[in-house]
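Beneath this line is the structure, given in structure tokens, with notes to follow.
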Amino acid sequence: PGSRPQVQEPKKQLKETDALEYLNQVKQQFGNNPMIYNRFLDIMKDFKSHAIDTQKVIERVSRLFAGHQKLILGFNTFLPPGYKIE
């Protein structure tokens with residue numbers, strides 16, 4: 001049997017529920033420290049208003065969620081193509 005060429009899966013179309021689910025994960029993780037959750041929301045607001053760029057978002061989220069690899073890797077889902085937190 002011949003080998004088939006690898007087809008790269010197109011990036012999954014995100015739904016609003018994906019973002020809400022992620023926010024819930026963040027809220028649950030830091031339920032005892034609402035300051036971190038609120039700081040995350042501030043970072044997202046700054047990004048949405050173009051006060052900071054994608055690279056700054058990555059730096060701030062990485063610092064904010066340091067030690068919480070699952071949240072950091074989960075955030076990759078929302079980054080534009082070409083950006084990734086490792």
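Among the residues of segment 66-81, those identified as without any contact (Cβ under 8 Å) to a residue 12 or more places away in the chain and either closer than 20 Å to residue 48 by Cβ or of a type in the set (Gly, Ala, Ser) (or both) are 66, 67, 76. Considering segment 13-32, the residues that are open to solvent by less than 60 Å² (accessible area, probe 1.4 Å) and assigned to a loop (DSSP other than H, G, I, E, B) include one that is modelled with the lowest pLDDT, namely 31. The test for being open to solvent by less than 20 Å² (accessible area, probe 1.4 Å), more than 16 Å from residue 21 (Cβ to Cβ) and of a type outside the set (Asp, Glu) does not hold for residue 36.
The values are calculated or read from the model by the stated rules, or taken from the named source; none is laboratory data. Small disclaimer: the values here were computed from a predicted structure and weren't measured. Here the Cβ is made from the backbone with ideal geometry for all residues, glycine too, and neighbour counts use every protein chain on show. To get the accessible areas, we keep the full protein, side chains included, count just its heavy atoms, and leave off ligands, DNA and RNA. Shrake-Rupley method; radii C 1.70, N 1.55, O 1.52, S 1.80 Å.
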